[in-house]
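Presented below is the structure to which this report refers.
The values are calculated or read from the model by the stated rules, or taken from the named source; none is laboratory data. Bear in mind that the values here come from a model prediction, so they are computed numbers and not experimental data. With ideal geometry, Cβ positions are generated from the backbone for all residues, glycine too; neighbour counts draw on all protein chains shown.
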Amino acid sequence: MNYKFSKRIEDESSRLWEKIHEIDKLKSRWSVGAKLDPQVLTRLKKSVLITSTGASTRIEGAQMSDEDIERLMRGISIQKFTDRDTQEVKGYYELLSNIFETYGSIPFSESIIKFFHRELLKYAEKDKLHRGEYKKSENKVAALGDETKIIFDTTPAYLTPKEMQELTEWTQKALAEKHFHPLLIIANFLVQFLKIHPFEDGNGRLSRILTNLLLLQQGYLYMPYISHEKLIEDNKPEYYVALRQSQKTFLPAEASAKEGDTKNEDVTPWLEFFLATLLEQSKRAIALLSREETDKLLSKQQQIIWKHLEKVHEATPMEISKVTGVPRPTVSQAITKLLKLKRVERIGLGAGTRYRKI
């Protein structure tokens, strides 16, 4: 296994491990509790596809709002935006949608990374000559809107295939062997991928696509229901600062190719940002199951029943039906759902069964 990648994540602070443990507790709660109505999950997923596409493309300079993207994906032409914006949006939306649906059958590999790059840019005319191919020339990362201000140097083009092979093989092996926590492995992959910047364009967007894939494959199944990309967009300055603080400690690719000393490489700033973002995403996922978010998960008639139970100490299904005017069978269906969501509890058995808000 590649020594330098493993060395970075061998000894992490107790503060980071506390975050990891909290994330995993929430992950377990989601897995147990997220037995939501399939229609609700479908609506949430459609909403996140729009939100994530908008956020990820705007991070890289696109101008389309979520409302514009929704109109575009419904087939409504939007003349005020450039072809470049609409092409990037369509590529991201379709690729992320496919990952949400088929992540379990996608093997993580170099060929998949290149395939994703082709899919991501498949509508972008400007990029058709280099889609799915590692860069052939240098691509220093500049400040957005100021190409004269270089933020950092990336891996030289001639070393990119070797660096990507080493990184991908390390990630595959590390995830399979489970010696390190998967969140540390994924975070290390991402920070190094963005340091290499293996493609001429689309590296930032592709890194977020790969984030969704890898986290889903490791059991973080709320990814399609809470947008990871939106959290990054909302904290974009901190995102770039964390990346740069870690990446500036990494040895140049030429030095690491010569087995240079890696003891001063420090991935902690990036790990702190990545884990804080995922922890917030986890909390928001659990909030979908919470009392405050219950209305979003219920139909209008179910909401009527829930609001009635919030007002009374307890009630039978027949009492609820008489007061609310909701048919008795619908009341029973709503109560069944509220029981699954752990919003109400059953008191007694048989004809005298009553229900009350937990």
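Key figures for this structure:
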item	result
Enumeration of residues in segment 66-105 that are out of contact with any Phe, Trp or Tyr (no Cβ under 8 Å at 6 or more places or on another chain), within 21 Å of S227 (Cα to Cα) and at pLDDT 95 or above	Y92, Y93, E94, L96, S97, N98, I99, F100, E101, T102, Y103, G104
Residues located in segment 112-127, provided they are aromatic (F, W, Y) and at pLDDT below 95	Y123
Criterion: of a type in the set (S, T, Y) and crowded, with 19+ Cβ neighbours inside 10 Å - qualifying residue of S56, S65	S56
Near pairs, Cβ below 6 angstrom, 6+ apart or cross-chain, from segment 334-348 (touching a residue at least 24 places away in the same chain (Cβ under 8 Å) and farther than 14 Å from T316 by Cα) to any residue that is among the charged types (D, E, K, R) and in a loop (DSSP other than H, G, I, E, B)	K340/K35
Residue check for E169: modelled with pLDDT of 95 or more, of a type in the set (D, E, K, R) and in contact with a helix residue (DSSP H, G or I) (Cβ under 6 Å, 6 or more places away or on another chain)	no
Subset of segment 313-346 that is under 26 Å from I286 (Cα atoms) and among the hydrophobic types (A, V, I, L, M, F, W, C) - its residue that is surrounded by the fewest Cβ atoms within 10 Å (Cβ to Cβ)	L339
